[in-house]
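S.K.: A single structure is presented below for examination.
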Amino acid sequence: MGIRVNFIDPLGRVVGAEGEPGDSLLRVGQAAGLPLEGTCEGQMACSTCHVIVAPDWFDRLGEASEEEEDMLDFAAGARRTSRLSCQIALTEAMDGLTVSVPGESVDARRM
Ligand code: FES
């Protein structure tokens, strides 16, 4: 059985998606049609894959690396529970994960 993820799009609509263990959250979101650019394809150089994790899920995802934290400083509308979706690999324990996709993103490479 797949791992279900609920994306909340910029208009507040819930978009259900499903992935397999090891899939990147970015790819699952893109496959479901969410506006996640992910222009650097997971190289932690753009921050256009930024998502805001539901607070009750945030602590369950493990800590972001220092590089990810640095890149999140560039993300548009970053919050305390922001993460880069390219850095989250799905596990069985993430079944039901809920994240919001912000309406705007900043490509740190174009700054
Ligand atoms: Fe560029 Fe995640 S895809 S930082």
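Here, each number is a calculation from the coordinates, and none is a lab measurement. Treat the numbers as computed from the prediction; the structure is a model and nothing was measured. We place every Cβ from the backbone using ideal geometry, glycine too, and count neighbours over all the protein chains shown.
S.K.: Check Ile3: other-chain or 5+ apart residues with amide H under 5 Å from its amide H, H built from backbone geometry?
M.R.: Placed amide hydrogens put Gly19, Glu20 under 5 Å from Ile3.
S.K.: Please get the size of the charge dipole for the chain, origin at its Cα centre, with Cβ charges of +1 on Lys and Arg and -1 on Asp and Glu, quoted in debye to the nearest 20.
M.R.: 380 debye
S.K.: I want to verify a result. In a Gaussian network model of the chain, Cα cutoff 10 Å, which of these has the top mean-square fluctuation: Ser47, Ser85, Ser65?
M.R.: Ser65
S.K.: Subtract the Cα-Cα distance of Ala31 and Arg13 from 0.36 nm times their separation in residues, and report this length gain in nm to one decimal.
M.R.: Residue separation times 0.36 nm, minus the Cα-Cα distance, leaves 4.9 nm.
S.K.: I've got another one for you. Contact order normalised by length for segment 1-105, with contacts defined as Cα pairs under 8 Å and 6 or more residues apart; what percent is it?
M.R.: Here the relative contact order equals 41 percent.
S.K.: Anyone know which of Glu67, Glu92, Glu20 comes out most mobile in the 10 Å Cα GNM of the chain?
M.R.: Glu67
S.K.: If you build a Gaussian network model of the chain, linking Cα atoms that sit under 10 Å apart, which residue out of Gly33, Gly19, Gly42 swings the most?
M.R.: Checking each option, the largest mean-square fluctuation is seen for Gly33.
S.K.: Would you mind calculating the gained length between Ala93 and Glu66 on full extension (0.36 nm times residue separation, minus the Cα-Cα distance), in nm to one decimal?
M.R.: Extending this stretch completely gives an extra 7.4 nm.
S.K.: Which number do you get for Rg(Cα) / (2.2 N^0.38 Å) in the chain?
M.R.: My calculation over the Cα atoms of the chain gives 0.95.
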